[in-house]
Amino acid sequence: MRPDDGNAFRQAVRVVRQRADVPVAFGGQVAAGSLHLSEFAGVRTAALKGLQVRAAAGLGGQVMTSRRPGAVSDYGSAVTISHDYDAPVLAEGICSVAAAPVTVHGSVRGVLYCAARGVVPLGDRVLDTMVDATRRLAGELAVRDEVDRRLQLLDVADADRTALRDGVAIEEVRELHAEFRAIAQGLDDAVLRDRLHRACERLAHLTDARDAGDPPALSPRELDVLSQIALGCSNAETARRLSLKPETVKAYLRSAMRKLDVHTRHEAVVAARRRGALP
């Protein structure tokens, strides 16, 4: 199951409030052309909770349409935005507010806000903090989207194992396995990381090339390295893909070779495949 994107937005709202040092932060996801405000930090009332913001309406709707950050220093009297949502915004006591879109591959997936209850211009530091937070959140959503897309490909391959008799299909599975491991090793999201590791296990078993014996006790990092070596990557290329030092890659490779009782990198890949550790 895909981790709840709401949790990612919730964490982003908390980070924005803390790093921008503002009294209020909130945000939500865009669905069916409307922004649903669902995540809040520092609010005193329930006025904004569950609010649906239409495209081009209010500051958030304007940000959705323009795909650029925006801000007003006195919400109640601002002439650059519509005032469709004055009642809930002013009920919370908000005067100064800034908003930034969370854009993934050109599509606005949500909006984050910073706000103050006085007429206090929100300067470049606040806006820079918001933009940084939206970029980080957009990057995480993009990774989740890519994982979903590739897991769908895995489902297709799993349903039709006969396709793996084609050498091209087998190489695609191996590339997918290596990419999943490379993505997983850089994730902070434990749920998403575990999901990718389970997918890697499925991929490793798709080719049905296992020996009867138990698979070797290779560490996750050793498997990360072997999965890249299996694609023909050099130690330097493997290090770059996994964000490791070349010396670290060599150490993991030596350890894997010792466990597999082999003497070359090629033999290590073959032995790992025979034992079902690699596809």
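The values are calculated or read from the model by the stated rules, or taken from the named source; none is laboratory data. As the structure is a computational prediction, the values presented were derived from the model and not from experiment. Every residue, glycine as well, gets a Cβ built from its backbone with ideal geometry; the counts of neighbours run over all protein chains shown.
Here are the numbers for this structure:
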| quantity | calculated |
| --- | --- |
| Sole residue being closer than 19 Å to Cys200 by Cα, assigned to a helix (DSSP H, G or I), at pLDDT 90 or above and of a type outside the set (A, V, I, L, M, F, W, C), chosen from Glu237, Glu222 | Glu222 |
| Filter result for Glu39 (over 16 Å from Ala133 (Cα atoms), surrounded by 16 or more Cβ atoms within 10 Å (Cβ to Cβ) and among the charged types (D, E, K, R)) | no |
| Residues satisfying the stated conditions in the stretch 225-234, i.e. modelled with pLDDT of 90 or more and either within 13 Å of Lys259 (Cα to Cα) or part of a loop (DSSP other than H, G, I, E, B) (or both) | Leu226, Cys233, Ser234 |
| Exclusive hit being without any contact (Cβ under 8 Å) to a residue 12 or more places away in the chain, assigned by TED's automatic domain parsing to the domain that holds Ala87 and either farther than 23 Å from Gly93 by Cβ or crowded, with 20+ Cβ neighbours inside 10 Å (or both), set Gln18, Gln29, Gln11 | Gln11 |
| All positions within the stretch 1-42 that are in a helix (DSSP H, G or I) and either over 25 Å from Glu146 (Cα atoms) or among the small types (Gly, Ala, Ser) (or both) | Gly6, Ala8, Ala12, Arg14, Val16, Arg17, Gln18, Arg19, Ala20 |
| Selected residue (criterion: modelled with the highest pLDDT) from residues of the stretch 113-146 that are in contact with a strand residue (DSSP E or B) (Cβ under 9 Å, 6 or more places away or on another chain) and in a loop (DSSP other than H, G, I, E, B) | Arg117 |
| Residue list for the stretch 241-262, restricted to those being loosely packed, with under 15 Cβ neighbours inside 10 Å and under 28 Å from the mean Cα position of the chain (by Cα) | Ser243, Lys245, Pro246 |
| Residue in the stretch 76-97 that is under 24 Å from Glu140 (Cβ atoms) and crowded, with 18+ Cβ neighbours inside 10 Å present | no |
